[in-house]
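The values are calculated or read from the model by the stated rules, or taken from the named source; none is laboratory data. Note that the coordinates shown come from a computational prediction; the quantities given were computed from them, not determined experimentally. We place every Cβ from the backbone using ideal geometry, glycine too, and count neighbours over all the protein chains shown.
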Amino acid sequence: SKSLTDEENLKLFGKCNNPNGHGHNYKGKELLTHVIDPVSGMVINLTDLKEYMQEAIMEPLDHKNLDKDVPYFAEVVSTTENVAVFIWENLKKLLPVGTLYKVKVYETDQNIVVYKGEEAISE
């Protein structure tokens, strides 16, 4: 965090505190809820969903140094929690209103963040 001293960053972030960055291979799940369309039998067309995910997640984040390559993280600490918020905000702009239920981001099998808008839940 740019708002903390080197010592405070080391104490708070431990081995993840590296001024040159460090990497993660995140996995994510975006869960949708909505009324099933009686004609199509779907909440959303999967082809459309894949396009939304490509635009909202893959294009801005895939194979990127979050702190250096993604403008959002220039001023926001790139924690798993904030990655979930970023994905939520990007998807919410593209998906039909009321469709996005939660975003689940896996940093590791043990470090998982679930975000439901303003409500964040660690699992």
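For the range 43-64, the count of residues that are at pLDDT below 85 and in contact with a strand residue (DSSP E or B) (Cβ under 7 Å, 6 or more places away or on another chain) is nonzero. Among residues belonging to the range 52-93 that are β-branched (Val, Ile, Thr) and farther than 22 Å from Leu4 by Cα, point out the one that is surrounded by the most Cβ atoms within 10 Å (Cβ to Cβ). For the range 52-93, the residue satisfying everything is Ile87.
Taking the criterion of being surrounded by fewer than 17 Cβ atoms within 10 Å (Cβ to Cβ), farther than 25 Å from Leu4 by Cβ and not aliphatic (A, V, I, L, M), the residues of the range 94-123 that qualify are Pro96, Gly98, Tyr101, Asp109, Lys116, Gly117, Glu119, Glu123.
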